[in-house]
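In what follows, a structure is listed as C-alpha cells, so that the remarks can point back to it.
Bear in mind that the values in this text are calculations on the coordinates, not laboratory data. What you see is a predicted model, and the numbers here were worked out from it, not measured in a lab. Please note: Cβ atoms are built from the backbone with ideal geometry, for glycine as well, and neighbour counts cover all protein chains shown.
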C-alpha cells in the first residue's frame, strides 16, 4: 500500500454545526426527535447559574425530556475530575449527552461518554500514547450535543478531550474521531456572558489554532504513512482544506478579537469570534497544532500560585488560551524558516504591511505582530509574569517531551535545547 | 420557538472526505475495517473498463472482500434506471455500498441504498415534494463510500440524488442528510481519465454550484422558520460557512478550469478542480443552488436529439453541467440587483477588473465574464445550439415550476414571465 514513506492522503472530518442566535431554545425538540429518555446535562457551577444553561433546562422541561445535571466539571479538568464525571455517567446509564460550557465542559463530557460506553476500560487505555495506551475505540458512543459558551476551544467540532494529568504536571488528552460531537449548537448569544479576560484568552486559543494549523508540517511530509487508513491520526498536518479554515479564522480574529475583548455587548464582534472558533476548530481538528500547544501543557500543569484575572475558580490556574499564546512570538520566530511565505501571510492577515519584508525576516515580523496584539490586549508580560522563573525551565521542557502527538507536527524539528531556548525567550515579551 | 417568521439558524453537515493521489488503493482495508461481508459496487459501463474501477477491484480482491458489481448505471439517470438499481440492491442484501463514478453513479447508489433500507416504501415517498411526497427517512442506511471520478458533482459530500422523471420530462431528486456518503474518497488521479468535454461540463457544474450558493437567498431571510429543527431543509440559503466554501471554489475555478479542460495530463489543474468540486459541494450542499439548476432540469429532461461531444452514451443527452451553465449569464444578470456586491465579487474572482464598475452594472459585468469563459471553452452557443427553439420555451418554463425546492432560493422572486424571459435570453450567448 504505502510504497512512500510519508503519508499521501488526509481526511477531513467534523461535527455537524448549527449556528444561530437563540438556537439553543430548540434543543428540547432535537432531543425529542432523537428519542432521548435519559439525558446527561454537563456544565460547571458558574455556568449553571447563567442563561446558557437556563435556556437548555427550559427547553428540556418544555418538551418533557428527562435529564440529570452534573455541574461539578472542573475548569481546566484533571484526570481526577474526568474520573468523577465518568463515574456519574456510568451510574446514570444515559442515552444522550449534552455539554453546555467551554472546552473544559465539552471535553469532560466527551470522556464521560467514552468511558461509560466502554465500562471495562482502564482510564489510560484511550489516553494518547506515550502517556496512555492510545487504544482504538470499538464501541459506539452515545450522541453528544455540544453547546459552546466560549469562543475559543473549537471542541464542539473536534474529537479531542484534554485534561491535566496531575502526576505528570502536564496536560494530555484523548484524540479520536469517535469523540466528535454529533452536533455543535453554536449560539452567539451565549458569548455575551463571557468576562473580558475569558474572551481574550479564548480568542488567543482561536488565534493559535489557526496559526499552528496553518504552519503545521504538511500532511504529505508527515511520516510514517499509516499502513492502514484506520491508523491515520486525527492530527494529520496542514492540508488544502484546513488551510481554508485557518486563513478564514485568522481574518476574523484580525477584525474582531480586540472589539470582542473590549466590549462584551458588541454582538457582531462576539458572534464573529464564536464562528471563528468553529472555523479554527475544524481546521486544527484535522491538521493539528504544534509547539505553542505542546509547550502550553506544562505551563498550565505546573501552575503555582497564578490567579487568573476574571475567572471565578478557587484554584490557581493558567487559562488554556493564555498558556498557549505566551510562547507564540518565540515559537513562530523559530519555525518561520521552514515556511516563511505562510508566516508572512499570517502577519499580513493580522494587519502588518509585509510588502517590503524579506523571507529571512518572516519570523521576526510575525513575532512582533503577535507581541503587539498581546500588548494592546494587556496580556501578562511573559511566563515570568505568571509566576515562572528560569529555574522552572527544565521541568517545563520535561513536561513538553511527552506531547509528541502535537509537537511532531512542528514544521521544524527541535531538540531539548531548542525547547529550553523557546521557554527562555518567552519569559518576558515586551 | 419561532417568534420570527424567517429562519434564524443554519446547519452545516458534510461527509468525511479523504483526499490523496492513489488513496483508492486503501479501500479494501477500509471495507475490512468496517467488517463488510457483502459489498455492492456500483459504476457504469464506460468506467468499468477504466483504472478507477480496476484499482477498487484489485483492492477488494487483495483484502478478501466479497462484492457484487452493478455496472448498469445510466449516465443522467432516470426514475426507471434508479428503480433497476434499487431492485439489484434489494435482492443483494448488501452491508456496504461503494459508488465509483460521477454524479450519476453516486446518486444512483444513494437511491439504491435508501430504498433497500426501506423495502416497504413506494418510489415517490422520498422524492422531493411537490413531485413526490418528501417523507422523512426513518431507517438507518448502510454505509456508502463514494469515489468521484469527475470533478463537478460534489455528490460525495451531499445528501442529494438527482434523476430524470421521464413522465414529467424534468429532473427532480431526493434531498436528505441521511443520504450523505459515509466517506468521500477523492483520488485526483481518477480525473486524468476524463475526456476534455467532461472536464469542461463538470467544471461548469462546480462554477454554478459556487455562484448559485454564494448568491442564494441568505439563510436568515428564508421563510418559513421551521417549527422543528428536523424540518430545516438541506438547502438553507447562503450562510457564513457556505460563503467560505463558495469563494474558495470560485478562486480555484478561475485559476484552473481552462487548464484542466485543455490538457488532461495537467495533474495540478485536474487535481485542483477535483478539490474545488468538493469545496463547492460542501457549500451548495448546505446553502443550496437556485435558478441555473432549477432551469437546467427541463433543459436536460426535454432533450431531443442533442449528442453531447465527448460522451460515450447511446442516447441523446445534455450533460448536467452544460444544461446548468447555458442560462448562467441570463440568470446572474437577473439576480444581481438583490446583492450586487456579491455578483461583483464573483466577477472579480473570475478575473474581471471591477474597480470602476457601478453596482447597477454588476449583473451585466458578471454575465459578460461568464460569456467570455464559455466562449473561450468553446461551449455551444446557447439553447438554440443544443436543439431548442422559442417554441420550446413554454415547456421549459412548465418543467421549471416544480423545481421550487431550489428556485425558491433565488435571491430575486420571479414569475413565469421572468422564467420565459430568462430562457429566451439564453437561446444565444455570443
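Of all DSSP beta bridges in chain B, what percent run antiparallel (nearest 5)?
Percentage antiparallel, nearest 5: 20.
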Axis-proximal residue, chain B, for the rotation superposing B on A (Cβ, Å)
B:244, 3
7 Å from Cα along Cα→Cβ at both residue B:58 and residue A:5: what's the point-to-point distance in nm?
2.4
Enter the mean projected area of the convex hull around the alpha-carbon atoms of the protein assembly as shown, in nm², rounded to one decimal.
33.2
Shielding by partners, peptide B:48-55 (average Cβ within 10 angstrom, other chains):
0
Can you list the copy-to-copy distances for residue A:351, using a point 7 angstrom from Cα toward Cβ, in nanometres, shortest first?
3.7
Taking every DSSP beta bridge that has both residues in the protein assembly as shown, what percent is antiparallel when rounded to the nearest 5?
30
If contacts are Cα pairs under 8 angstrom and at least 6 residues apart, what is the relative contact order of the stretch A:264-355 in percent?
20
Could you please rank A:7, A:107, placing first whichever residue has the fewest other Cβ atoms within 10 Å of its Cβ?
A:7, A:107
Expressed as a rounded percentage, what relative contact order does chain A have, with Cα pairs under 8 Å and six or more residues apart?
16
The distance between the Cα centres of the stretch B:330-394 and the stretch A:391-430, in whole Å, is 55
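Return a whole-number percent for the relative contact order of the stretch B:194-425, with Cα pairs under 8 Å and 6 or more residues apart as the contact set.
With pairs under 8 Å counted, the relative contact order is 26 percent.
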Using a label point 7 Å beyond Cα on the Cα-Cβ vector, give me the inter-copy distances for residue B:230 in nanometres, one decimal, shortest first.
3.3
Hey, got the average number of other protein chain Cβ atoms within 10 angstrom for residues in B:238-251?
3
Using Cα centres only, tell me the gap between the stretch A:211-282 and the stretch A:141-179 in whole Å.
16
When B:219, A:8 are ordered from fewest to most other Cβ atoms inside 10 Å of their Cβ, what list results?
A:8, B:219
Taking the C-alpha atoms of the stretch A:247-306, convex hull volume expressed per residue in Å³:
105
How would you order B:129-135, B:271-277 from highest to lowest mean count of nearby Cβ atoms within 10 Å?
B:271-277, B:129-135
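Can you tell me the order of A:308-315, A:322-329 when each peptide is scored by its average per-residue count of other Cβ atoms within 10 angstrom, highest first?
Ranking the peptides A:308-315, A:322-329 by packing returns A:322-329, A:308-315.
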From the P(r) of the stretch B:188-327, could you give the percentage of C-alpha pairs in the tail past 21 Å?
47
Would you compute, from DSSP H runs of 4+ residues alone, the mean residue ellipticity of chain A at 222 nm, taking -39500 (n - 2.57) per run and dividing by the full residue count, rounded to the nearest 500?
-13500 deg cm²/dmol
19 Å tail of the calculated P(r), the stretch A:1-112, as % of Cα pairs:
52
What are the equivalent ellipsoid semi-axes of the stretch B:22-186, built from the alpha-carbon gyration tensor (square roots of five times its eigenvalues), in whole angstrom, biggest first?
25, 17, 13
Viscosity 1.002 mPa s, temperature 20 °C: what is the translational diffusion coefficient of chain B from Stokes-Einstein with a Kirkwood Rh over Cα pairs, rounded to a whole number of µm²/s?
100
For residue B:364, which inter-copy label distances result when the label point lies 7 Å beyond Cα on the Cα-to-Cβ vector, reported in nm to one decimal and in ascending order?
5.2
Where does each of B:361, A:360, A:87, A:187 land when they are ranked from fewest to most other beta-carbon atoms within 10 angstrom?
A:360, A:87, B:361, A:187
Grab every C-alpha pair in the stretch A:303-349, bin the distances at 5 angstrom width from 0 up to the longest one, and report whole percents.
5, 18, 19, 16, 11, 9, 11, 8, 2
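Summarise the partner chain shielding of B:178-186 as one whole number: the mean count of Cβ atoms from other chains within 10 Å of each residue's Cβ.
Rounded to a whole number, the mean comes out at 1.
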Highest mean first, how do B:27-38, B:292-303 rank when packing is the count of other Cβ atoms within 10 Å averaged over residues?
B:292-303, B:27-38
Running a GNM on chain A with Cα contacts under 10 Å, which residue among A:24, A:415, A:400 ends up with the highest mean-square fluctuation?
A:415
Kindly give Rg over Rh for the stretch A:194-425, based on alpha-carbon atoms, with the Kirkwood expression for the hydrodynamic radius.
0.95
